[in-house]
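Only the coordinates and a few stated rules stand behind these numbers; no lab work does. Predicted, not measured: the structure shown is a model, and the values here were computed from it. Backbone-built Cβ (ideal geometry, glycine too); neighbour counts: all protein chains shown.
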Amino acid sequence: MKKNEIRDMLLKMRENLLQEIASNMKMEISHLQEAIADMYDLADDERERQFSILLCDRDREKLELIDEALERLDEGTYGICEECGAKIAEGRIKVMPFARYCVACQSKI
């Protein structure tokens, strides 16, 4: 894959993730407003809120990985395993364009 194709793919993933986060935040705000109106469902609401926070943490982590991949593209180190220094297989890059490790090193980690 060409550097521009990878950058475009990462930027598109980033944009989609940010839209998903914004949508989730809107749903969370709406859900909290409903919860205030119905105090009897607080236990269920708390479980859902904790699940939502967990998802947001995963989204933030993925966003960080995408940003780091964009930095590696700029630095010229993109596609190089951070553990062993080998080139990351193109198939892995296509599936997970923010991968930091080759398959062998990732399985060890």
Once amide H atoms are built 1.01 Å from N in the peptide plane, which residues 5 or more positions from I80, or in another chain, come under 5 Å H to H? I88
K12: which lysines have alpha carbons under 23 Å from its alpha carbon, excluding same-chain residues fewer than 8 sequence positions away? K2, K3, K26, K62, K94
How high is the FRET efficiency between T77 and M25 when r is their beta carbon distance and R₀ equals 35 Å, given to the nearest 0.05? 0.60
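Could you order peptides 90-96, 9-15, 78-84 by the average number of other Cβ atoms within 10 Å of their residues, highest first? Intermediate values should be presented prior to the final figure.
Numbers: 90-96: 12.7, 9-15: 15.1, 78-84: 17.0.
Sorting 90-96, 9-15, 78-84 by mean packing, highest first, produces 78-84, 9-15, 90-96.
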